Amino acid sequence: MSEIRAAVVGVGSLGQHHARVYAALPGCRLAGVYDVDPERAKNVAERHGAPVLEKLRDVIAAADAVSVAVPTVDHHRVTKALLEAGRDVLVEKPITTTLDEADDLIRLAAERKAILQVGHIERFNPAMDVLRAATREPRFIEVHRLGSFSPRSLDIDVVLDLMIHDLDIVLALDGSEPVQVDAVGVPVLTPRVDIANVRLRFRSGLIANLTASRVSAEKVRKFRVFFPRTYISVDFSAREAQVYRLTTGASGTPDISVERTAAPDEEPLQRQLSAFVQAVRERTAPVVTGSDGRRALALAQTILAKMTSPP
């Protein structure tokens, strides 16, 4: 494929940015947008000189690759229709609402030899490059992901809305399975859990403590990793990382070296969609596979079950 035709299904607060990036991405053409709100679809389409696609079948006819940015409850239905038609799909996180739905999409993508990527966008944050390169057998992870209240994504709780980003990263860094899960969650402004704290113990020995809130007065996206002789602090909002290492000075005394990196101008969404388009073009496995998305969903559901089970 010399030019990838990309479409977006669902152009709300997030999907409209998918359309924006596709419209400017080299080697890609925004083939159209679809939304249940025709006026919203029209506004986004006109902004980028793309057509409005009135039905899902029109999306299938117009595009090679599709971003699915509809509410989570519709992820399975929409993505399944696209995969059945042989289209490559990037579906926003969480992959689906249930593990059975996730398994269905993974199976279908394999049968159709289609690309299925899950939109865990923090994997494409420039700060993640430092974390991935510097981290070896982490022993303790501390995470705070806090945001102010927004009417967006109220069909899911804060674990599936925000914390799942960090669950995916922890799973990617460690590789082993959690053997102990302790969790507490509180509904504050909605009937669903709006603030949650989780402590995970992994088979490797790693301990991870994660806090997520969508009722905070400030926005925080901090991810800290500790392991022997090294400490890494990542700020996903600022797209920067600091690596502290214990070294031996010239006189033999302990010293601490500090490495700072920052790439605030590198947009994670642009990197994510560029990687997706590359996987489509080269027919290679995406950075975040359907199985990755399922693993994060499975852990999130375990956490939610712990929150609702009696002590």
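Sort through 172, 212 and tell me the only one that's assigned to a strand (DSSP E or B) and either loosely packed, with under 15 Cβ neighbours inside 10 Å or among the small types (Gly, Ala, Ser) (or both). Give the derivation first.
Values: 172 fails: assigned to a strand (DSSP E or B).
When all the criteria are applied, what remains is 212.
Going through 214, 229 one at a time, which residue ends up being basic (Lys, Arg) and on the phi > 0 side of the Ramachandran plot?
229
From the list 116, 146, pick out the single residue that is in the same structural domain as residue 282 (by TED's automatic domain parsing), touching a residue at least 40 places away in the same chain (Cβ under 8 Å) and under 19 Å from the mean Cα position of the chain (by Cα).
One residue alone meets the criteria, 116.
Collect the residues in the range 70-86 that are at negative phi, of a type outside the set (Ser, Thr, Tyr) and either in a strand (DSSP E or B) or surrounded by fewer than 24 Cβ atoms within 10 Å (Cβ to Cβ) (or both), keeping them in residue-number order. Even if it seems obvious, please write down each step before you answer.
First, pick out the residues of the range 70-86 that are at negative phi: 70-85.
So of that shortlist, the ones also of a type outside the set (Ser, Thr, Tyr) come out as 70-71, 73-78, 80-85.
If the condition is that a residue be at negative phi, of a type outside the set (Ser, Thr, Tyr) and either in a strand (DSSP E or B) or surrounded by fewer than 24 Cβ atoms within 10 Å (Cβ to Cβ) (or both), then 70, 71, 73, 74, 76, 77, 78, 80, 81, 84, 85 are the ones that fit.
Selection over the range 230-261 of residues that are in contact with a Lys or Arg (Cβ under 7 Å, 6 or more places away or on another chain), buried (at least 17 other Cβ atoms within 10 Å of the Cβ) and not in a strand (DSSP E or B) gives a count of 1.
On the basis of being charged (D, E, K, R) and either at pLDDT below 95 or touching a Lys or Arg at 6+ places or on another chain (Cβ under 8 Å) (or both), does residue 88 make the cut?
On the way: charged (D, E, K, R): yes; either at pLDDT below 95 or touching a Lys or Arg at 6+ places or on another chain (Cβ under 8 Å) (or both): no.
No, not satisfied.
Give the residue that is surrounded by the most Cβ atoms within 10 Å (Cβ to Cβ), with candidates limited to residues of the range 34-59 that are β-branched (Val, Ile, Thr), farther than 21 Å from residue 281 by Cβ and within 24 Å of the chain's Cα centre (by Cα). So that I can check it myself, show each step before the final result.
Our first condition is that a residue be β-branched (Val, Ile, Thr); within the range 34-59, this holds for 36, 44, 52, 59.
From the residues that got through so far, the ones that are farther than 21 Å from residue 281 by Cβ too are 36, 44, 52.
Still in the running and within 24 Å of the chain's Cα centre (by Cα): 36, 44.
Numbers: 36: 12, 44: 25.
Among those residues, the one meeting the criterion is 44.
The single residue among 193, 277, 198 that is assigned to a strand (DSSP E or B), surrounded by 17 or more Cβ atoms within 10 Å (Cβ to Cβ) and either among the hydroxyl-bearing types (Ser, Thr, Tyr) or in contact (Cβ under 8 Å) with a residue 40 or more places away in the chain (or both) turns out to be 198. Whether a residue is touching a residue at least 12 places away in the same chain (Cβ under 8 Å), assigned by TED's automatic domain parsing to the domain that holds residue 279 and more than 15 Å from residue 119 (Cβ to Cβ) was assessed, and residue 91 does not pass this test.
Candidates 275, 279, 241: the one that is small (Gly, Ala, Ser), over 15 Å from the mean Cα position of the chain (by Cα) and assigned by TED's automatic domain parsing to the domain that holds residue 22 is 279.
For the condition farther than 20 Å from residue 93 by Cβ and either surrounded by 17 or more Cβ atoms within 10 Å (Cβ to Cβ) or in the same structural domain as residue 155 (by TED's automatic domain parsing) (or both), what is the one hit in 24, 62? Among 24, 62, only 62 is farther than 20 Å from residue 93 by Cβ and either surrounded by 17 or more Cβ atoms within 10 Å (Cβ to Cβ) or in the same structural domain as residue 155 (by TED's automatic domain parsing) (or both). Against the list (1) part of a loop (DSSP other than H, G, I, E, B); (2) surrounded by 15 or more Cβ atoms within 10 Å (Cβ to Cβ), the condition residue 217 fails is (2).
Can we say residue 18 is at pLDDT 95 or above, surrounded by 24 or more Cβ atoms within 10 Å (Cβ to Cβ), part of a helix (DSSP H, G or I) and within 24 Å of the chain's Cα centre (by Cα)? For residue 18, the condition - at pLDDT 95 or above, surrounded by 24 or more Cβ atoms within 10 Å (Cβ to Cβ), part of a helix (DSSP H, G or I) and within 24 Å of the chain's Cα centre (by Cα) - is met. Scanning the range 145-169 for residues that are surrounded by 22 or more Cβ atoms within 10 Å (Cβ to Cβ), among the hydrophobic types (A, V, I, L, M, F, W, C) and touching a helix residue (DSSP H, G or I) at 6+ places or on another chain (Cβ under 8 Å) gives 159, 160, 163, 164, 167, 169. Residue count for the range 3-14 under the criterion of being closer than 12 Å to residue 273 by Cα and buried (at least 23 other Cβ atoms within 10 Å of the Cβ): the result is 3.
The values are calculated or read from the model by the stated rules, or taken from the named source; none is laboratory data. Owing to the predicted nature of the structure, the values given are computational and were not obtained by experimental measurement. Don't worry about glycine lacking a Cβ; one is built from the backbone with ideal geometry, like all the others, and counts go over all protein chains shown.
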